[in-house]
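Notes to accompany the following structure.
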Amino acid sequence: MYINGEKVEARGGAWFPVYDPSTEEIIAEVPDGGAAEVDRAVAAAKAAFETGPWAQSTAQDRGRLLFKLAERIRSEAPRLAELESRNSGKPIVEAEFDVNDTSTCFEYYGGLATKVLGHVNPVPDNALSLSLREPVGVAGQIIPWNYPLLMAAWKLAPALAAGCTCVLKPAEQTPLTVLEMADWLAEIGFPPGVVNIVTGFGETAGAPLVAHPDVNKVAFTGSAAVGKLIVKSAADTVKRVTLELGGKSPNIFFADADFEAAVDGALFGVFINQGEVCSAGSRILVEKPIYSKFVEAMVEKSKRIKLGAPLDRETKMGPVVSKDQYDRVREYQEIGKREAKLAAGGGRSAAHAKGYYLEPTIFADVSNNARIAREEIFGPVASVIPFEGEAEAIRIANDTPYGLAAAVWSRDIFRAFRTVKALRAGIVWVNHMQPTYVEAPWGGYKQSGFGRELGPWGIEEYLETKQVYVNLNESPIGWY
């Protein structure tokens with residue numbers, strides 16, 4: 001682990017294995033951290049925030065360090081992408097995009113660090129009223145396994161730009177690239193205690209981090225079930241919380257959409273990164289005039305999705321991340337066979353004797369009340385739902401406890417924008433699905449969480465607002 005500027009083991013010497021999901025083989029072991037390591041990391045972060053060099057750092061200082069980190073990540077991109085691909089199972093081409101986006105995120109917040117502005121408040125008195133923006137303090141950050149290095153950047157970059165210090169817990173399945181990055185922090189110039197990385201499991205490392213009284217803010221990306229536990233725990237110390245909890249995103253196709261582009265968008269929206277995407281368009285809503293043709297085209301094109309070794313540049317889908325996730329998705333494949341019509345896939349890839357490989361699976365004639373249409377699967381399973389007309393499409397799309405993302409496909413700009421306005425989701429794409437930019441806000445409605453990451457919205461989540469009143473009258477108040 002990385003605590004107070006040093007690589008350390010867990011007390012007691014406990015370790016746990018990290019696997020390559022394409023071979024099921026152990027590729028590393030990392031320390032099994034717990035409450036003791038969290039205490040140590042939080043103490044280091046608190047000291048760095050209150051009394052260390054970081055406490056005296058300027059916005060320019062912080063921005064320059066983030067630029068240096070971005071540059072170092074770019075220089076190590078091939079090695080990081082290969083490690084990310086091996087550890088997570090994602091295709092190497094996607095891992096390369098992720099590493100590039102990681103650098104871009106640090107660069108963006110390096111520039112934004114000097115753009116945090118206060119405000120002069122007009123008040124009806126002979127006084128000066130100011131609003132100052134200050135860092136919230138120690139940030140506890142818990143990230144998922146689907147985009148390991150990129151999710152670390154989404155959490156660390158805005159917090160560091162704001163002047164916070166951080167304790168980051170990566171997912172136990174995919175800690176390797178974040179630990180590689182930790183090797184460079186001191187060399188780049190980050191003072192000890194500013195960034196701390198504790199490896200371990202949710203129950204033994206994540207929970208103590210959330211509950212810790214010296215953690216001022218928690219940022220979490222993961223499941224809704226864990227997010228609810230975090231909110232309850234954080235309430236005991238009344239700390240600020242932001243949550244990104246995934247979804248069951250509708251991908252809506254009207255009959256007038258560009259047909260070929262739409263079919264590609266449906267497949268890409270749900271099968272990118274093996275479907276392990278919080279915004280995956282796993283509910284595919286298709287207007288009835290094109291429904292049968294659309295399902296047939298999806299099935300035919302899905303046969304061309306190449307499953308293979310993550311480091312093979314021709315691979316479009318690798319294995320899911322772990323045995324637990326493999327078993328979870330297999331269970332949903334079987335549930336779907338009882339609830340709907342299996343149109344494609346539906347099982348393990350027969351071409352792979354080892355590894356957690358699953359076929360891209362398409363269910364047709366799905367009811368929006370089916371479990372496969374309501375529960376987040378987080379794997380390569382698509383539910384195709386027919387609809388008739390704009391009003392029904394909107395009703396079905398919004399009939400979900402989630403509200404992270406959605407997409408609308410139509411050549412009719414008026415219908416497209418009517419639908420955009422009616423959808424209860426934090427991100428809506430038109431005639432595309434999944435493009436994500438650091439400049440734009442990311443987050444959801446309803447049980448997809450609250451708060452926003454990325455863009456100027458991301459840094460706002462790590463800032464406090466302080467009102468300052470300056471009396472400009474020389475005479476006494478005259479109260480007595």
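The values are calculated or read from the model by the stated rules, or taken from the named source; none is laboratory data. All values derive from a computational prediction rather than experimental measurement. In this analysis, Cβ positions are derived from the backbone assuming ideal geometry, glycine residues included, and neighbour counts consider all displayed protein chains. Calculation scope for accessible area: heavy atoms of the full protein, side chains included, ligands and nucleic acids excluded. Shrake-Rupley method; radii C 1.70, N 1.55, O 1.52, S 1.80 Å.
Put the Cα centre of segment 355-425 next to the Cα centre of segment 222-266 and the gap is 12 Å.
Heavy-atom accessible surface of Asp98, to the nearest 10 Å², is about 10 Å², with a 1.4 Å probe and all protein chains retained. Taken about its Cα centre, segment 197-274 carries a charge dipole of about 580 debye when Lys and Arg each add +1 at the Cβ and Asp and Glu each add -1 at the Cβ. Among beta bridges identified by DSSP and lying wholly in the chain, the antiparallel ones come to about 45 percent. Quote the accessible area belonging to Phe49 in square angstrom, nearest 10, computed with a 1.4 Å probe and with ligands, DNA and RNA left uncounted. Taking all protein chains as shown, Phe49 has close to 60 Å². Assuming charge only on the beta carbon of Lys and Arg (+1) and of Asp and Glu (-1), the dipole of the chain about its Cα centre is about 800 debye to the nearest 20. Where the centre of each part is set by its Cα atoms, how far does segment 280-310 sit from segment 433-480, in angstrom? That distance is 42 Å.
Give the residue list of GluC sites (Glu not before Pro) in segment 251-344 that are DSSP loop and have at most 12 other beta-carbon atoms within 10 angstrom. Within segment 251-344, the qualifying GluC sites (Glu not before Pro) (loop, at most 12 other Cβ atoms within 10 Å) are Glu314. Between the beta carbons of Asp312 and Lys337, assuming R0 = 22 Å, the FRET efficiency works out to 0.15 to the nearest 0.05. Note: relative contact order over segment 387-480, using C-alpha pairs below 8 Å and six or more positions apart, is 23 percent. For the chain, the 222 nm mean residue ellipticity estimated from helices alone, with every DSSP H stretch of n ≥ 4 adding -39500 (n - 2.57) and the total spread over all residues, rounds to -12000 deg cm²/dmol. For the chain, the longest principal axis of the Cα atoms and the long axis of helix 259-271 meet at an angle of about 60 degrees. Remark: segment 76-84, residue by residue, has Karplus-estimated 3J(HN,Hα) of 9, 4, x, 5, 5, 4, 5, 5, 4 Hz, where x stands for each Gly or Pro and the curve is 6.51 cos²θ - 1.76 cosθ + 1.60 at θ = phi - 60°.
Explain nothing, just the number: relative contact order of segment 261-387, from Cα pairs under 8 Å at least 6 residues apart, as a whole percent.
32 percent
Applying the criteria of a DSSP loop state and at most 16 other Cβ atoms within 10 Å to the trypsin sites (Lys or Arg not before Pro) of segment 304-367 yields Arg304, Lys306, Arg313, Lys354. A simple charge model with +1 on the Cβ of Lys and Arg, -1 on the Cβ of Asp and Glu and nothing else charged puts the dipole of segment 226-369 at about 460 debye relative to its Cα centre. Here the simple spin-label model places points 7 Å from the Cα toward Cβ, and for Arg328 and Ser292 these points are separated by 3.8 nm.
The C-alpha atoms of the chain define a longest principal axis, and helix 288-302 lies at about 80 degrees to it. The heavy atoms of Thr104 offer some 40 square angstrom of accessible surface to a 1.4 angstrom probe. Farthest towards the positive end of the charge dipole of segment 105-227, among the residues Leu132, Pro208, Tyr108, is the Cα of Leu132, using unit charges on the Cβ of Lys, Arg, Asp and Glu. Could you tally the net charge around Asp32, taking each other residue with its Cβ under 14 Å from the Cβ of Asp32, Lys/Arg +1 and Asp/Glu -1? Net local charge, Asp32 excluded: -3. Each principal axis of the Cα atoms in the chain has its own extent, and those three values, largest first, are 81, 58, 40 angstrom. For the chain, the residue among Pro435, Ala373, Phe268 whose Cα projects farthest onto the positive side of the dipole built from Cβ charges is Ala373. By the equivalent-ellipsoid construction on the alpha carbon gyration tensor, segment 331-480 comes out with semi-axes of 46, 21, 15 Å, ordered largest to smallest. Accessible surface calculations at 1.4 Å, restricted to protein heavy atoms, place the chain at 42 Å² per residue. Label reach from Glu71 (point 7 Å along Cα→C-beta): in segment 169-204, amide nitrogens under 13 Å belong to 188-189. Relative contact order of the chain, taken over Cα pairs closer than 8 Å and 6 or more residues apart, is 18 percent. I'd like the orientation of helix 35-50 relative to the chain: the angle between its Cα long axis and the longest Cα principal axis, in ° from 0 to 90, rounded to 10. Helix 35-50 and the main axis of the chain meet at about 50 degrees.
Amide H to amide H, with H built 1.01 Å from N, Gly281 comes under 5 Å of Val270, counting only residues 5 or more places away or on other chains. A DSSP coil position with no more than 12 other Cβ atoms inside 10 Å describes the following GluC sites (Glu not before Pro) in segment 380-418: Glu388.
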